[in-house]
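*Asks:* My questions will all concern the structure given below.
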2 protein chains.
Amino acid sequence: MSKWYTSCGNQSDTVISTRIRLARNIAGVPFPSRMTAQQRKEVNLAVKEAIICDENRAKRFKYIEMDTLPDITVMSMVERHIISPEFAKVRDNKALILSDDESVSIMLCEEDHIRIQVMRAGLSLDEAYAEADRIDDILGEKLNYAFNERLGYLTECPTNLGTGLRASLMLHLPALEMSGAVNRLASTVSKIGLTIRGTYGEGTKASASMYQLSNQVTLGISEKAAIENLKSIAAQAMAQEKSARENLDQFALEDNAYRALGTLKFARILSGDEFMKLISRVRLGVATGVVEGIPLEKIEELIIDAGAATLQANAGEPLDATERDRLRAKIIRERL
Amino acid sequence: MSKWYTSCGNQSDTVISTRIRLARNIAGVPFPSRMTAQQRKEVNLAVKEAIICDENRAKRFKYIEMDTLPDITVMSMVERHIISPEFAKVRDNKALILSDDESVSIMLCEEDHIRIQVMRAGLSLDEAYAEADRIDDILGEKLNYAFNERLGYLTECPTNLGTGLRASLMLHLPALEMSGAVNRLASTVSKIGLTIRGTYGEGTKASASMYQLSNQVTLGISEKAAIENLKSIAAQAMAQEKSARENLDQFALEDNAYRALGTLKFARILSGDEFMKLISRVRLGVATGVVEGIPLEKIEELIIDAGAATLQANAGEPLDATERDRLRAKIIRERL
């Protein structure tokens, strides 16, 4: 089964991926921070049975007990945004339900009992939301969700109360970053209930000019309205980025993209930071059409496979920093 | 006829080329700085007739009146070391005799009446000297050289008195430059009658770690002894450079060489300075065997063809700096 990120998405010149997350809890059970081991096991199994209830779904979804996985596999899942960094830290009695293409992951006993996450390549909010909603319905039929008429879905953290929905877009905004406009954009969107953050969520730095745009408000707003909001702001950000790209010196853009490509194709050692800087310049070149012959989805695949943990997970052995940086260069060289 | 620098020379990992120059003057005629136009013409023709006196030599040697050449062709000749920068400046009544492979050039009415120059790829002092000596004999048979029993050949500048010989080796010393040892080497050789200078002779900077090692003393020493001196010092410099190369971090050397190659293969604009820095790193990689598939003589050819004036001479039109840097990148990209 090929992974979700190997397909080509809509508006992929500026939108790398779409992510929908729904937070749900089961009525009458304490939030994970105060659950006993026994309660965790019971919730995990209840969700497992609710979703993996026929042969088709048993083929599509895997139930994974997190404490059975090697550290490196878990860190690779964080890199691939399958699980949150918090979920990876303490893994006793935590479980994950993961689809074969890795587009659907359900974290059990993370901050909430259930975190449904759906990912899609490119701009795909409606499709991703429809899929998350379908899974939510499947689970909701069998499980008694903690729900309050006035507040909506109850969640551990009040910022998720209501819809429990977080819709995010991973945007590639190199031209807005260069011009400094990305900071202006961040302060604008915060006024209308959205946020722009670094690659791995709250408090992380933007790597390779990749920014996560997501909704903040979950209370007093419908899921559809939140998504429409995000869509219209994303459209503005995308238009701004495209116009900023057109204003760049096109020859310098081409030179920069090709130099980055030349280094990626020939370097014998590449740190993660340098790799991300270079691949971002190549991505801009491909997205603007000055670099030909490299599909954008190949770039996403390389970014995933060049991750420090994913490199080691694929190599099947732990590597020190130098070994990792050499292996990264080797893989990039062979695949580009 | 392919040019002399397209062949592979001895010890080409450290020695780029060999140059022998003999300064000669004709008795009873003032030195060029005090010659009349008429006297210049007479000397030029006398030398022309002395050398181009049969069909074979007429095929091999071209007689060129310097004031008939476009500026850009002349500047390209300076870049290719066929003529000196001084010879290019004022060109009235100056002439050049040039062999078809450009390995032999005879400047007429430069600082002296006759400057015979022979170039060879790699380390080839004996062969280059033999060829210069043969041409000297041919001319000496027909012309009455200014010669003094006590002083030897008389020259305009006293630093050339005696043998009139300057033997030079163009060395590639990147490892000695990195370690700083090249400065020590320069002060050592100056004590024994040799000098190390930049790429285009006295007072010029070393470009791409290329250094010209040549004899200084011409008085009271035979031609052969001067050449043997140079040979033995060159052997020491070459050995030092090789040992310094072995002491470099071989992996970093490989990474550096390949990154430089990647940039050369992909950049869309390359200044002359950047090109020389990059090609020097590639040359070191090729010379040490970490970069395969590029012959050293191809590198010399690229260095020549990437020269600012040679680029324009080959393009057949004058180019501004940006056009030149783009054309340089294009040519390097196509040829590497």
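The values are calculated or read from the model by the stated rules, or taken from the named source; none is laboratory data. These numbers come from a predicted model, not from an experiment. Here the Cβ is made from the backbone with ideal geometry for all residues, glycine too, and neighbour counts use every protein chain on show. Please note that ligands, DNA and RNA were not included when accessible areas were found on the heavy atoms of the full protein model with its side chains. Shrake-Rupley method; radii C 1.70, N 1.55, O 1.52, S 1.80 Å.
*Asks:* Scaled to the compact-protein estimate 2.2 N^0.38 Å, what is the alpha-carbon radius of gyration of region A:127-209, rounded to two decimal places?
*Replies:* 1.42
*Asks:* Moving on to the next point. Could you work out how much longer the chain between A:GLU292 and A:THR36 gets when fully extended? Use 0.36 nm per residue separation minus the Cα distance between them, nm to one decimal.
*Replies:* In short, 86.6 nm is gained.
*Asks:* Of the peptides B:175-183, B:102-110, A:1-9, A:252-260, how do they stack up when ordered by the mean number of other Cβ atoms within 10 Å, highest first?
*Replies:* Taking the mean over residues of other Cβ atoms within 10 Å, the ranking is B:102-110, A:252-260, B:175-183, A:1-9.
*Asks:* Now for a different question. To the nearest 10 degrees, how steep is helix A:37-51 against the longest Cα principal axis of chain A, on a 0 to 90 scale?
*Replies:* 80 degrees
*Asks:* For the protein assembly as shown, with only Lys/Arg (+1) and Asp/Glu (-1) charged at the beta-carbon, what is the dipole magnitude about the Cα centre, in debye rounded to 20?
*Replies:* 600 debye
*Asks:* OK, next. Under Stokes-Einstein, with the Kirkwood radius over Cα pairs standing in for Rh, what whole-number D in µm²/s applies to the protein assembly as shown at 37 °C and 0.692 mPa s?
*Replies:* 109 µm²/s
*Asks:* Another one. Can you send over the carbon and sulfur percentage of the accessible area for chain A, probe radius 1.4 Å, protein chains only?
*Replies:* Taking all protein chains in place, chain A shows 50 percent carbon and sulfur surface.
*Asks:* Aspartates and glutamates near A:LYS62 by alpha-carbon distance under 16 Å, same-chain residues fewer than 8 away left out - which ones?
*Replies:* The qualifying aspartates and glutamates are A:GLU49, A:ASP54, A:ASP100, A:ASP101, A:GLU102.
*Asks:* Please report how far the C-alpha centroid of region A:30-56 lies from that of region A:179-200, rounded to the nearest whole angstrom.
*Replies:* Cα centres, region A:30-56 to region A:179-200: 36 Å.
*Asks:* Ignoring ligands, DNA and RNA and using a 1.4 Å probe, state the total buried accessible area between B and A in Å², rounded to the nearest 100.
*Replies:* 1600 Å²
*Asks:* Would you mind getting me the FRET efficiency between B:ASN144 and B:SER187? Use the beta-carbon distance for r and R0 = 51 Å, nearest 0.05.
*Replies:* According to the calculation, E is roughly 0.75.
*Asks:* Can you list the HN-Hα couplings for region B:259-273, worked out from phi with the Karplus curve (6.51, -1.76, 1.60; θ = phi - 60°), rounded to whole Hz and with x for Gly and Pro?
*Replies:* Each residue's phi maps through the Karplus curve to give 4, 4, 4, x, 5, 4, 6, 10, 4, 9, 8, 9, 6, x, 4 Hz.
*Asks:* If you don't mind, another one. Report, in listed order, any pair from B:LYS298/B:LYS330; B:LYS41/B:LYS224; B:LYS41/B:LYS142; B:LYS242/B:LYS277; A:LYS265/B:LYS277 with a Cα-Cα distance greater than 28 Å.
*Replies:* B:LYS41/B:LYS224
*Asks:* Helix A:223-247: angle to the longest alpha-carbon principal axis of chain A, degrees 0 to 90, nearest 10?
*Replies:* 10 degrees
*Asks:* If you look at just the Cα atoms of region A:154-297, how large are its Rg and its Dmax in Å?
*Replies:* Values for region A:154-297 (Cα only, Rg and Dmax): 17.3, 54 Å.
*Asks:* Please report, for A:ARG134, the nm distances (one decimal) from its label point, 7 Å out from Cα along the beta-carbon direction, to the equivalent points in the remaining copies, shortest first.
*Replies:* 8.5
*Asks:* Also, I was wondering about something else. Residue of B with Cβ nearest the axis relating B to A, plus distance in whole Å?
*Replies:* Taking Cβ atoms only, the nearest residue and its distance are B:GLY262, 2.
*Asks:* Give or take rounding to whole Å, what are the principal axis extents of the alpha carbon atoms in region A:219-336, in descending order?
*Replies:* Between the extreme Cα coordinates on each principal axis of region A:219-336 lie 49, 41, 21 Å.
*Asks:* Order of B:266-275, A:132-141 by packing, highest average Cβ count within 10 Å first?
*Replies:* The packing order, highest mean first, is B:266-275, A:132-141.
*Asks:* Mind pulling the angle between the C-alpha long axis of helix B:296-305 and the longest principal axis of chain B? Nearest 10 degrees, somewhere in 0 to 90.
*Replies:* Approximately 70 degrees, to the nearest 10.
*Asks:* Reachable lysines from A:LYS59, Cα under 18 Å, same-chain residues fewer than 8 places away excluded?
*Replies:* Reachable lysines: A:LYS3, A:LYS48.
*Asks:* Let me check the size of chain A from its C-alpha atoms; what are the radius of gyration and Dmax in Å?
*Replies:* For chain A, the Cα radius of gyration and maximum Cα-Cα distance read 20.4, 63 Å.
*Asks:* Shifting gears a bit: At what distance in nm do the modelled label points of A:GLU127 and B:MET1 sit from each other, each positioned 7 Å from its Cα along Cα→Cβ?
*Replies:* Using points 7 Å along Cα→Cβ, the separation is 6.8 nm.
*Asks:* How high is the relative contact order of region A:89-174, in percent, with contacts defined as C-alpha pairs under 8 Å that are six or more residues apart?
*Replies:* 15 percent
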